[in-house]
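The structure under discussion appears below in the form of structure tokens.
The values are calculated or read from the model by the stated rules, or taken from the named source; none is laboratory data. Given the structure is predicted, the values throughout are model-derived calculations rather than measurements. Cβ sites come from the backbone with ideal geometry, for glycine too, and all protein chains shown count toward neighbours.
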Amino acid sequence: MKLHAAAILVIFWLGIFTVHTVKGSVGSQSMRRYSCVSLSTQQLNIRNLIGYEMQQVPVNAIMFITTKGIRICVSPNQKWVQSAIKKIDRTRTTKGK
């Protein structure tokens, strides 16, 4: 009887260890919460942008984040996009000091 209980206990602990290990390896991988699949063609007001993320898959894009938390994907090849990125980077550098 004691051997049977010990075997069940060992199986139980192995099960918990396996679940914990799998959750840890999956959880340690960074996964994007948002992803661009289509691009806006409209030029955005640079004053309303507070951040951006670069993306290459599934679409090469810049995802701008507005002051209201809205995420808008645009083509990185547009001239105004590069200006907006430089402005956001300057703002981040100034706030970091």
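Taking segment 50-83 as the range and being farther than 19 Å from S38 by Cβ and in contact with a Leu (Cβ under 8 Å, 6 or more places away or on another chain) as the test, only T67 passes. Only residues that are exposed (fewer than 11 other Cβ atoms within 10 Å of the Cβ) and not β-branched (V, I, T) were counted in segment 87-97, giving 4. Filtered by the rule that a residue be exposed (fewer than 13 other Cβ atoms within 10 Å of the Cβ) and either part of a helix (DSSP H, G or I) or in contact (Cβ under 8 Å) with a residue 40 or more places away in the chain (or both), segment 49-86 gives K79, W80, Q82, S83, K86.
Quick check on segment 20-28. Is at least one of its residues on the phi < 0 side of the Ramachandran plot and at pLDDT 90 or above? The answer is no, given that none of the residues of segment 20-28 is on the phi < 0 side of the Ramachandran plot and at pLDDT 90 or above.
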